[in-house]
1. Quote to one decimal, in nm, the extra length available between residue 61 and residue 76 on full extension: 0.36 nm per residue of separation minus the C-alpha distance between them.
2. Angle check, please: helix 181-190 long axis (alpha carbons) against the longest principal axis of the chain (alpha carbons), in degrees 0 to 90, nearest 10.
3. Which of 30, 210, 128 comes first, and how do the rest follow, when ranked by fewest Cβ neighbours within 10 Å?
4. Where both residues lie in the chain, what percent of DSSP beta bridges are antiparallel, nearest 5?
5. Post the alpha-carbon centroid distance, segment 174-222 to segment 62-132, in whole angstrom.
6. Calculate how steeply helix 63-76 sits against the longest principal axis of the alpha-carbon atoms of the chain, using the helix alpha-carbon long axis, and give the answer as 0 to 90 degrees to the nearest 10.
7. Obtain the radius of gyration and the Kirkwood radius of the chain from its C-alpha atoms and give Rg over Rh.
8. For the chain, what does the relative contact order come out to in percent, with C-alpha contacts under 8 Å and a separation of six or more?
Ligand SMILES: Nc1ncnc2c1ncn2[C@@H]1O[C@H](COP(=O)(O)OP(=O)(O)OP(=O)(O)O)[C@@H](O)[C@H]1O
Ligand SMILES: [Mn+2]
């Protein structure tokens, strides 16, 4: 009689590398005791002190996104090589690791999300902080009403040249950065009015209320999205900036880079 283990054990057959997504330290320790495997921890922080580690900038609600990010990160950090068979152990329904997927490194489509964080002009923490603000704004809205917002991160000089002010700039001469709790409150407050926030590579808020005037020629954004998203897509093709948009109408958060939609998040799932 075959057992469930015979049937499902195939998933990890001849696998030499395990990617552990956000393991507890006891789980990580148990993994260290397994012979002939190399372990890579993929998590928001390296609390377990893993030797091989990939930082996860956000907890992807979509499991395949999370796994692709981990594998791309492990490849980029040279923890694994293309063609390696890896097992990915993740939390899906529970707060403990409850699922395993097998993949061959390099075979999955590039997600673009890893690239968004590692190869953008803006620092990865700045992009993450802006995504956090957009997600929070999407969850809460402005006094309960849905609100839209547009953040342009990186290459700020060029972005300023391709835009003009709609109103006085409340951040003129100030030296404030995203991620600072007070600033996050300000960003949410100012998002009631029109236009875009312009943020430097390092996270300094350069301006609010900018009307972007990039050329939209040849920019292909999904149908149904309006001028805010078109402006976001276009500015990232005209400059090396990354754009993060919260939609007032469908309440999703999207990121654009190089003129393309890279990431779509539902704030309700975070
Ligand atoms: N070029 C631009 N630069 C900065 N802000 C813009 C630009 N175009 C539009 N916006 C902002 O986007 C708002 C919404 O415009 P619109 O409804 O056409 O965009 P949308 O892509 O459908 O966004 P949403 O999903 O939030 O409705 C405008 O009121 C304005 O504040
Ligand atoms: Mn609209």
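All of the numbers you see were taken from the coordinates with simple rules; none came from a lab. Quick caveat, the model's predicted, so the values are computed rather than measured. Glycine gets a Cβ as well: all are built from the backbone with ideal geometry, and neighbour counts include every protein chain shown.
1. Extending this stretch completely gives an extra 3.2 nm.
2. Approximately 50 degrees, to the nearest 10.
3. On the way: 30 11, 210 25, 128 17.
Lowest to highest Cβ neighbour count: 30, 128, 210.
4. For the chain, the DSSP antiparallel bridge percentage is about 65.
5. Cα centres, segment 174-222 to segment 62-132: 27 Å.
6. In the chain, helix 63-76 runs at an angle near 80 degrees to the longest axis.
7. Values: Rg = 20.8 Å, Rh = 20.0 Å.
Over the Cα atoms of the chain, Rg/Rh equals 1.04.
8. Details: 532 pairs, mean separation 42.7, N = 270.
Reported as a whole number, the value is 16 percent.
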